[in-house]
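This report refers to the structure that appears directly beneath it.
The values are calculated or read from the model by the stated rules, or taken from the named source; none is laboratory data. Just so it is clear, the structure is predicted and the values come from calculations on it, not from any experiment. For neighbour counting, all protein chains shown are included, and Cβ atoms are generated from backbone atoms with ideal geometry for every residue, glycine included. Accessible surface areas use protein heavy atoms only, side chains included; no ligands, DNA or RNA. Shrake-Rupley method; radii C 1.70, N 1.55, O 1.52, S 1.80 Å.
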Amino acid sequence: MEITGNKKGKREFQQSLGFVALQMCLLAVIISLGVLLVFIFVKGIGVINPDFFIKFPEDGMSSGGIFPAILGTLLLSLVAVFFAVPMGVLTAVWLVEYSTSYKMVRILRIGINSLAGVPSIVFGLFGLAFFVKFMGFGPSLLSGGLSLGVLILPTVIRTSEEALLTVPVSFKEASLGLGATRWETVYRIILPNSISGILTGIILSVGRAAGETAPILMTGATFFTMRLPNSLFSEVMALPYHIYALMTEGTHPNQLAIAYGTAVVLMMLVLVINSIAIYIRIMARRARQW
Amino acid sequence: MSEEPKITVRNFNAYYSGKMALKDVNIDIPENKIMAMIGPSGCGKSTFLRSLNRMNDLIEGFTVTGGMMIDGKNIYDKDVDVTKLRRNVGMVFQKPNPFPKTIFENIAYGLKINKLCKSRDELSGKVEESLKEAGLWEEVKDELNKSAFALSGGQQQRLCIARAMVVRPEIILMDEPTASLDPISTAKIEELIQELKKSYTIVIVTHNMQQAARVADRTAFFMLGEMVEYSDTSVMFTKPEKKITEEYITGRFG
Amino acid sequence: MGIKDKGMRKNFIERMLGPIASMSLVFLLGIALTLIITGMPAFREVGVLKFIFGNEWRPTFDPPYFGIWPLIVASFIVTFGAILFAVPIGVASAIYTAEIASPGVRETIKPVMELLASIPSVVFGFFGIVFISPILQKVLGLPTGLNGLNAAIILGLMAVPTVASITEDAISAVSKDLRNASYALGANKWETIVKTVVPAAKSGIFTAVILGVSRAMGETMTVLMAAGGARGVPSSIFVPMRPMTATIAGEMGEAVIGSTHYHALFAIGFVLFAINVIFNLAAEYVKKGGNK
């Protein structure tokens, strides 16, 4: 039996070639996305200073800061979270622990699945027709935030559901076996053991809400306002919309520099939010005992 | 039997989505005795056990007919509060299933949800007492705040027994409690079960006939959803009434 | 033994769960309903066939034309341009991550990919304008760098993480036994990957492709900023064009509420929604088929 040999044959050559090709593809992806990050960062870092964060835009958007846009984005995300989180998490609890009607579960699942991938602009249309017009909220922080809320709702439901389902049935049985009610079991055993997963899902959707433009385009974002929002019905500036507006409206050459700066701020915001979520998830997986 | 049985089961049928799982079961289980159920996989013994604390209610499409009485009260009556039933009928599962909490919190859980303690001291006292009864106190008294997952499988199972006992149920159900344990841990648990029957009525499902012979006062043999034979353990394992029982306990099938 | 029910079985929150879940459902289904109701007048006025296959989109002309064929063609051109390179690269990256990379590398790449997938689309559109456009203009000698190709490149870049992560899940799900069987026959790692693992994961990979397509087609800000925005039926990928999403986003601001233009934009939204649902159902169908 011949089992020795160190001659690299055709097959080994093929294998090395294949591995290198795959590696190149991965590198290409990471490099191109890296180029994007670095390019925008390098071009934008110049305008970033403390004033950029705390000042209003000045001279027709050609100088000053982007404070109202930062504030607007935070407020929009906040409204979205206030809407989507309680509703999404409780819907997930109902789906996983309480639902008895197969029909409704099925329809809800179909609704969640088909909406998770729907283009974000569609949520803008819905927001415009429903919140702005039908409910009469006008173009406002409320309409924009709620549109974003509906956008992240399917994600919140789905990630919460997945988190709830990771809790082993045996924990549930042990609790119920001791005479705990369903709610006590949910509240004391299931939620505490899935909270990090739920939280990760929520934070990821906040990141998504903060970066979305299309849903707020016609429901509440405005290019420029001298006033800070003083109620839910004020129109607000927002970081992503600000970038778009700077690139498409107005002609001052300095606007480009501001756009770069705004893009850096938005990217950092979203990347930090998502990093936190990913960090929580990694830590929770490590701490998990079962 | 002279005295009134603790559990009385009459013409009991159970179905999973209409499919029959238990057929016309009739059993009397005396108080402060150990009743073991044996039989091949899928014979209905676990279904029967889980009917006693209505754990099967969690399964979609599970229905029953007939009567299952504890102290004369049918536990499937409309006015029964399932949570109260389960507080009185404790359960120990096949695989040790401690909560991902500390050892102390695992035991305290049942006391807390059932609001059985007025003070912190009372709580600690009851936790200690129950760990002692389960023979675990000496092993864990210095690490009550450690995670229950740090314990060995056998210790975890004794913890689960302590957790079930601490709320002072009247009946304890055990679903193959030693199936996932090594022989030494198994011996400890069997010893513990013997000890427990002084205060509790115990119903145990086991795959292991020697275990039934060792621990049980009475044994029931189940097959294909029917209770084939039910008698004193000594009788069951020496001169069973039915041929099929004999074949099973002598290892000819199953 | 006291086991009688004293009532009080469900607390307030528990009682609210059902209604809240129903409300979620109302919102989720309400979106489709809103699109249909608000888009309906446009379909009725223009006619479904003329609306979808009409060659001219001139909503502000007198008389206006509401044919969205140029927009549909544009959407498909940028999408398929994107997919053409996102799929091979995404699948290759996933294979590398799942099969070849060391565990350490794998654990690093996954979150990095996830982070890259979270970069807002407006930033990608911005990058298309300021970085890719000048390059395309110079290298290809085009009158403008804002065109279908630009949008396709960026959409492709955005779709890669989606394609890669779903593909990776599919590949990781292939059982170890199958791999061992291949190794035991004397195959090397490469042969095992190409001949055994990838074929076994092909329905998952196909799902990844479909979802990548649907993500690219629904992307709004990127194409609004980078595709150029011309209204005609695009003759090739190198000319400016106006995909459906860009049309809605770009024109909603100027459409008079209640006008045919306004309704027509909702109708485009409905067409997009329908295409998306079809893609998702297809993905679901493929996934189910693969699990058999």
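Quick notes
- Checking each residue of the stretch B:174-186 against the condition of being part of a strand (DSSP E or B), of a type outside the set (Lys, Arg), touching a residue at least 40 places away in the same chain (Cβ under 8 Å) and within 20 Å of B:Leu22 (Cβ to Cβ) gives at least one match.
- When the residues of the stretch A:64-106 are filtered to those that are open to solvent by 20 Å² or more (accessible area, probe 1.4 Å) and of a type in the set (Ser, Thr, Tyr), the one that is nearest to the chain's Cα centre (by Cα) is A:Ser99.
- Scan of the stretch A:133-164 for residues that are within 11 Å of chain C (Cβ to nearest Cβ), open to solvent by 10 Å² or more (accessible area, probe 1.4 Å) and at pLDDT below 95, ordered by number: A:Lys133, A:Phe134, A:Pro139
- Looking across the stretch B:1-32, the residues that are assigned to a loop (DSSP other than H, G, I, E, B) and buried (at least 18 other Cβ atoms within 10 Å of the Cβ) come down to B:Pro5, B:Lys6.
- Any chance C:Leu281 is open to solvent by 30 Å² or more (accessible area, probe 1.4 Å), farther than 17 Å from A:Gly117 by Cβ and of a type in the set (A, V, I, L, M): no
- In the stretch C:225-246, the residue that is nearest to the other protein chains (Cβ to nearest Cβ) out of those that are under 15 Å from C:Thr144 (Cα atoms) and outside any loop (DSSP other than H, G, I, E, B) is C:Met225.
- Test: C:Glu45 is open to solvent by 60 Å² or more (accessible area, probe 1.4 Å), more than 30 Å from A:Val156 (Cα to Cα) and among the acidic types (Asp, Glu): yes
- Counting only helices (runs of 4 or more DSSP H) that sit completely within the stretch B:82-136, zero hold 3 or more residues that are in contact with a Pro (Cβ under 8 Å, 6 or more places away or on another chain), on the phi < 0 side of the Ramachandran plot and open to solvent by 50 Å² or more (accessible area, probe 1.4 Å).
- The stretch C:105-124, residues that are outside any helix (DSSP H, G or I) and open to solvent by 20 Å² or more (accessible area, probe 1.4 Å): C:Ser118
- Looking only at the stretch C:17-40, residues that are open to solvent by less than 70 Å² (accessible area, probe 1.4 Å), of a type in the set (A, V, I, L, M) and either touching a Gly at 6+ places or on another chain (Cβ under 7 Å) or within 15 Å of A:Gly88 (Cα to Cα) (or both) come to 6 in all.
- Within the stretch B:197-220, being part of a helix (DSSP H, G or I) and under 13 Å from B:Gly39 (Cβ atoms) holds for B:Met209, B:Ala212.
- Single residue of B:Arg218, B:Arg158 found to be more than 14 Å from chain C (Cβ to nearest Cβ), touching an Asp or Glu at 6+ places or on another chain (Cβ under 6 Å), surrounded by 18 or more Cβ atoms within 10 Å (Cβ to Cβ) and in contact (Cβ under 8 Å) with a residue 24 or more places away in the chain: B:Arg218
- Qualifying residue in the stretch A:66-84 (condition: modelled with pLDDT of 90 or more and within 30 Å of A:Val169 (Cβ to Cβ)): yes
- Taken over the stretch B:33-43, residues that are more than 20 Å from B:Glu246 (Cβ to Cβ) and assigned to a loop (DSSP other than H, G, I, E, B) amount to 2.
- Checking each residue in the stretch B:221-254 for being in contact (Cβ under 8 Å) with a residue 12 or more places away in the chain, in a helix (DSSP H, G or I) and either among the acidic types (Asp, Glu) or open to solvent by 20 Å² or more (accessible area, probe 1.4 Å) (or both) picks out B:Phe237, B:Ile244, B:Ile249.
- Restricting attention to the stretch C:206-224 and to residues that are away from chain A (no Cβ under 11 Å) and hydrophobic (A, V, I, L, M, F, W, C), the residue that is surrounded by the fewest Cβ atoms within 10 Å (Cβ to Cβ) turns out to be C:Phe206.
- Residue count for the stretch C:182-205, restricted to those that are hydrophobic (A, V, I, L, M, F, W, C), farther than 17 Å from A:Phe19 by Cα and at pLDDT below 90: 2
- Residue within the stretch C:196-205 that is surrounded by 20 or more Cβ atoms within 10 Å (Cβ to Cβ) and in contact with a strand residue (DSSP E or B) (Cβ under 7 Å, 6 or more places away or on another chain) present: no
- Helices (runs of 4 or more DSSP H) wholly inside the stretch A:171-290 that include at least 2 residues being surrounded by fewer than 21 Cβ atoms within 10 Å (Cβ to Cβ): A:182-185, A:191-211, A:239-248, A:254-287
- Scanning the stretch A:18-63 for residues that are open to solvent by less than 30 Å² (accessible area, probe 1.4 Å), at negative phi and more than 7 Å from chain C (Cβ to nearest Cβ) yields A:Gly34, A:Gly44, A:Phe52, A:Pro57, A:Ser62.
- Screening B:Asp57 against (1) at pLDDT 90 or above; (2) outside any loop (DSSP other than H, G, I, E, B); (3) within 11 Å of another protein chain (Cβ to nearest Cβ) leaves a single unmet condition, (1).
- The condition (being open to solvent by 60 Å² or more (accessible area, probe 1.4 Å) and not small (Gly, Ala, Ser)) is satisfied by just one residue among C:Trp69, C:Trp57: C:Trp69.
- Residues of the stretch A:85-122 satisfying the condition of being closer than 24 Å to A:Pro240 by Cβ and either more than 9 Å from every other protein chain (Cβ to nearest Cβ) or modelled with pLDDT under 85 (or both): A:Val85, A:Leu115, A:Ala116, A:Gly117
- In the stretch A:168-190, the residue that is modelled with the lowest pLDDT out of those that are in contact with a helix residue (DSSP H, G or I) (Cβ under 8 Å, 6 or more places away or on another chain) and more than 9 Å from chain B (Cβ to nearest Cβ) is A:Trp183.
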